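Report on one structure; see the data block that follows.
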Amino acid sequence: MNERLNFFSANPNAMKTLIGLEQYIGQSTIEPQLAELVRLRASLINGCAFCIDKHVHTARKAGEDERKLATISAWRETSFFSERERAALEWTESVTLLSETRVPDEVWNTARNVFSDQELVDLTLLVAAINAWNRFAVAFRKMPA
């Protein structure tokens, strides 16, 4: 499969906007390891090979547990994830699959019990950002290095 378009060189100003969003997320209330799990889970749902490769690498560098990385697609079936991680992964899945889930009350209630209002906004912004990156990478066939 060949890359269709280098979206960074095609429109650098548009990409600066997404990079600015990432800079905010990096300073947000969501801890870096959790952010990488969220990015990885959304990227797996969206089938974004570039982002999966990138966020597995970044998560490892941040010291994430290999067992979590290996089982993130089946996180409900393991005991490796904390309550906060479980709530974030459930929120990520529901927001990523918005047209299917409509983010049901039970998902909201679980997230609400673990995250503050500010954290919920930051988490949702993180989910929205990785979904945007996934859409660019998949649509334009960005390949892992």
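The values are calculated or read from the model by the stated rules, or taken from the named source; none is laboratory data. These numbers come from a predicted model, not from an experiment. Note that each Cβ is placed from the backbone with ideal geometry, even for glycine, and that neighbours are counted across all protein chains shown.
So the values come out like this:
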item	result
From Glu90, Glu106, residue being at pLDDT 95 or above, loosely packed, with under 14 Cβ neighbours inside 10 Å and not in a loop (DSSP other than H, G, I, E, B)	Glu106
Conditions (1) in a helix (DSSP H, G or I); (2) without any contact (Cβ under 8 Å) to a residue 12 or more places away in the chain; (3) over 30 Å from Leu5 (Cβ atoms); number of the one not met by Glu119	(2)
Test result for Ala145, out of contact with any strand residue (DSSP E or B) (no Cβ under 6 Å at 6 or more places or on another chain), modelled with pLDDT under 95 and closer than 21 Å to Glu3 by Cβ	yes
Matching residues in the range 51-97 - criterion: being among the polar types (S, T, N, Q), more than 22 Å from Thr29 (Cα to Cα) and more than 14 Å from the chain's Cα centre (by Cα)	Thr71, Thr78, Ser79
Count of residues meeting criterion [part of a helix (DSSP H, G or I) and buried (at least 16 other Cβ atoms within 10 Å of the Cβ)] in the range 72-83	2
Residue within the range 134-141 that is out of contact with any Gly (no Cβ under 7 Å at 6 or more places or on another chain), surrounded by 13 or more Cβ atoms within 10 Å (Cβ to Cβ) and among the small types (Gly, Ala, Ser) present	yes
Positions within the range 22-36 being in contact with a Leu (Cβ under 7 Å, 6 or more places away or on another chain) and under 11 Å from Ile130 (Cβ atoms), in sequence order	Ile25, Ala35
Cβ-Cβ under 6 Å pairs, at least 6 apart or on other chains, the range 4-32 side free of Cβ contacts under 8 Å to residues at least 40 places away in the same chain and under 14 Å from Phe136 (Cα atoms), far side part of a helix (DSSP H, G or I) and among the aliphatic types (A, V, I, L, M)	Phe8/Met15
Count of the range 1-20 residues which are surrounded by 10 or more Cβ atoms within 10 Å (Cβ to Cβ), more than 22 Å from the chain's Cα centre (by Cα) and among the small types (Gly, Ala, Ser)	1
Where a residue in the range 60-72 is of a type in the set (S, T, N, Q) and its partner, wherever it lies, is loosely packed, with under 14 Cβ neighbours inside 10 Å and at pLDDT 95 or above, with Cβ under 6 Å and at least six apart	Thr71/Thr78
Cβ pairs under 9 Å, 6+ apart, first in the range 92-109 and under 18 Å from Val38 (Cα atoms) and without any contact (Cβ under 8 Å) to a residue 12 or more places away in the chain, second acidic (Asp, Glu) and part of a helix (DSSP H, G or I)	Thr101/Glu93
Extreme residue, surrounded by the most Cβ atoms within 10 Å (Cβ to Cβ), among residues of the range 117-133 that are more than 16 Å from Glu90 (Cα to Cα) and small (Gly, Ala, Ser)	Ala129
